[in-house]
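The values are calculated or read from the model by the stated rules, or taken from the named source; none is laboratory data. Because the structure is a prediction, the values reported are computed rather than measured. Using ideal geometry, Cβ is built from the backbone for each residue, glycine included, and neighbour counts are taken over all protein chains shown. When the accessible area is computed, the model is the full protein with side chains, heavy atoms only, and any ligands, DNA or RNA have been set aside. Shrake-Rupley method; radii C 1.70, N 1.55, O 1.52, S 1.80 Å.
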Number of protein chains: 2
Amino acid sequence: MFIQIEPQSDVPIYEQVTRKIMEGIARGEMKPGDTLPSVRNLAADLGVNMHTVNKSYHELEEKGIITIRAKSGAIIRSAEERALTTEQLQQIEKNLKPVVVEGMVLGATAEQIEHMIKKVFSDLQIPAEGV
Amino acid sequence: MFIQIEPQSDVPIYEQVTRKIMEGIARGEMKPGDTLPSVRNLAADLGVNMHTVNKSYHELEEKGIITIRAKSGAIIRSAEERALTTEQLQQIEKNLKPVVVEGMVLGATAEQIEHMIKKVFSDLQIPAEGV
DNA sequence: ATAATTGTTATACAGATAATATAACAAATA
DNA sequence: TATTTGTTATATTATCTGTATAACAATTAT
């Protein structure tokens, strides 16, 4: 697997793994139905402990992104299976708020921030509406 | 001061304080040149330790939002003093990315996310361009 | 000038989190 | 049947979070 970890980051390793996998899915490198590598294999690839990867997988499951089949493996859920709930929308907004507020206070305009979001989308090669 | 803390949140107290102060500035409740309450006073108001508030203030200073005058007090920097640097823009984008990616993977569109950002702006009663 | 306030620094402590290290278990798979 | 899988358990180390005191020196108020 293609994941690269920054050991001295302030972001915990398990969180980095979670994000990288989400990025992989967003990029389309991993598709619904695909099986994630076993926690032992991925841990060995990254040079980290099994439990660290296991924690990531459970975080992804809690977010509704994957399904863990006990003693079998983890598969990526399809878009239908993970239909966006209002709770999830609220959670996204909750996560978004402090970042946007900080940008505002530093002097960024709504246009600048919206531009960044389009950039994130385009960097992941997912066409955003009207771009 | 008007800050309310959630003791059992997964967000550290010092981070909550930092965010609430940024919100206050974004709302215009606190303006550039204004003095923040002393770390001891605010800590007493919130019922937390002095060092916890002190950590928030230093985080705000590191972000370029306030200036701490040693043994005197902390004042909010003006928009001119904190002119948005490219590094700060990159930092905002860096903070924005994982949140946006998660939204994408969960099925949110760029339009939905942009709408949330406009909502954050409007909730803080700061008019966003073209809204 | 004196007293109070301020951020700073230092030390110590307790609790939670992060990460690693082994190990064994039971179900699923080869 | 043997291997692989996630699960569970225990233990250890390090870092982070938060509190608790205390003293210091500069600023500010009286």
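Within the range A:13-76, the ratio Rg/Rh, alpha carbon atoms throughout and Rh by Kirkwood, equals 0.92. Buried on complex formation within the range B:102-127 (loss of at least 50 square angstrom of accessible surface versus the isolated chain, 1.4 Å probe, ligands and nucleic acids ignored): B:GLU102, B:MET104, B:VAL105, B:LEU106, B:ALA110, B:GLU114, B:MET116, B:ILE117, B:VAL120, B:PHE121.
In chain B, the DSSP-assigned H stretches of four residues or longer account for a calculated mean residue ellipticity at 222 nm of -17000 deg cm²/dmol, using -39500 (n - 2.57) per stretch and the full residue count as denominator.
When each full DSSP H helix of chain B is screened for a Cα extent of at least 15 Å along its own axis and an average Kyte-Doolittle hydropathy of at least -1.0, the helices passing are B:13-27, B:86-105, B:110-123.
With each label modelled as a point 7 angstrom along the Cα→C-beta vector, the B:GLU81-A:GLU87 pair spans 4.5 nm.
Note: chain B, Cα convex hull, 132 Å³ per residue. With a Förster radius of 30 Å applied to the beta-carbon distance between B:ILE5 and A:ILE5, the computed FRET efficiency rounds to 0.35.
Given R0 = 45 Å, the distance between the Cβ atoms of A:ARG40 and B:LYS71 translates into a calculated FRET efficiency of 0.25.
Nonpolar atom fraction for the range B:1-94, defined as the carbon and sulfur part of the 1.4 Å probe accessible area, stands at 46 percent. Rolling a 1.4 Å probe over the protein heavy atoms gives chain B an accessible area of 55 Å² per residue. Spin-label model, B:ARG27/A:GLU111: points 7 Å from Cα along the beta carbon direction are separated by 2.8 nm.
Centre-to-centre separation between the Cα atoms of the range A:62-76 and those of the range A:1-59: 13 Å. Taking all protein chains together and a 1.4 Å probe, the residues A:LYS71, A:LYS118 rank A:LYS71, A:LYS118 from largest to smallest accessible area.
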